[in-house]
1. With modelled with pLDDT of 95 or more and at positive phi as the only criterion, which of Asn50, Asn21 stands out?
2. Considering only the range 88-106, state which residues are in contact with a Leu (Cβ under 9 Å, 6 or more places away or on another chain) and in a loop (DSSP other than H, G, I, E, B).
3. Could you check how many residues of the range 8-62 are in a helix (DSSP H, G or I) and either farther than 12 Å from Lys96 by Cβ or more than 13 Å from the chain's Cα centre (by Cα) (or both)?
4. Are there any pairs, at least 6 apart or on different chains, whose C-beta atoms fall under 7 Å, with the first in the range 49-72 and of a type in the set (D, E, K, R) and the second not in a helix (DSSP H, G or I), and if so, which?
5. Hey, among Pro71, Pro5, Pro63, Pro41, which residue is closer than 27 Å to Val104 by Cα, in contact with a helix residue (DSSP H, G or I) (Cβ under 6 Å, 6 or more places away or on another chain) and surrounded by fewer than 17 Cβ atoms within 10 Å (Cβ to Cβ)?
6. Hey, among the residues in the range 59-115 that are at pLDDT below 95 and of a type in the set (Val, Ile, Thr), which one's farthest from Tyr48 (Cα to Cα)?
7. Identify, please: which residue in the range 73-87 is without any contact (Cβ under 8 Å) to a residue 12 or more places away in the chain and in a loop (DSSP other than H, G, I, E, B) and is, among those, farthest from the chain's Cα centre (by Cα)?
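The values are calculated or read from the model by the stated rules, or taken from the named source; none is laboratory data. Since we're looking at a predicted model, the values are computed, not measured. So basically every Cβ, Gly included, is an ideal-geometry build from the backbone, and we count neighbours across all protein chains shown.
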Amino acid sequence: MRPGPSGIAFINKMKSMTSPNMQAVESNYLSLAQILEHNTPTDGWIIYRNYVYDVTPYLMYHPGGTDCFIPLLGTDITETCQKIHNWVNIEFSIKKLVIGKVAVKEVTVSSEKRNPFGK
Ligand code: HEM
């Protein structure tokens, strides 16, 4: 742990923040390339379980500090969080920072096209 504001302080701070419009969030599909551009402490996004969060306001409240966090901005931190602190409820801790979802192209491949032996 490091000195300074705590994770609990951020949960308190979130009370005064406006709640995201979840309908808008659910339809705001962001590409991996787009997310990766937001990789600085003054403009930092992360992916957690397929949702995209702008964690810029959270960084200074993270109990584990910013050193390990900053290099991961713009990326998917789901696995890292599971490894480091799977007891932390990430979704609850940063729920007001959610901005969108990861865009996944839905591709269907016809079984006919995949079958190398033809019809
Ligand atoms: C938004 C995402 C995250 C949230 C909400 C979060 C939240 C927390 C919380 C609540 C703690 C204190 C846990 C405890 O005392 O039991 C903690 C500790 C810690 N976090 Fe995170 N974390 C996040 C992302 C990350 C990332 C990306 C890393 C970097 C790899 C990381 C590394 C750590 C470390 C190393 C500690 C332990 C600090 C210590 O005990 O000295 N966290 N985090």
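1. Values: Asn21 fails: at positive phi.
Unique residue meeting the criteria: Asn50.
2. Of the range 88-106, the ones in contact with a Leu (Cβ under 9 Å, 6 or more places away or on another chain) are 99-103.
Selection gives Ala103 alone.
3. Initial filter on the range 8-62 (in a helix (DSSP H, G or I)): 8-15, 22-26, 32-36, 59-61.
Applying the additional criterion that residues be either farther than 12 Å from Lys96 by Cβ or more than 13 Å from the chain's Cα centre (by Cα) (or both) yields 8-15, 22-24, 26, 32-36, 59-61.
Result for the range 8-62: 20.
4. Taking only residues 6 or more apart or on different chains, the pairs are Asp54/Trp45; Asp54/Ile99.
5. Working: Pro71 fails: in contact with a helix residue (DSSP H, G or I) (Cβ under 6 Å, 6 or more places away or on another chain); Pro5 fails: closer than 27 Å to Val104 by Cα; Pro63 fails: closer than 27 Å to Val104 by Cα.
Exactly one residue qualifies, and that residue is Pro41.
6. Ranking the qualifying residues of the range 59-115, first place goes to Val109.
7. Trp87
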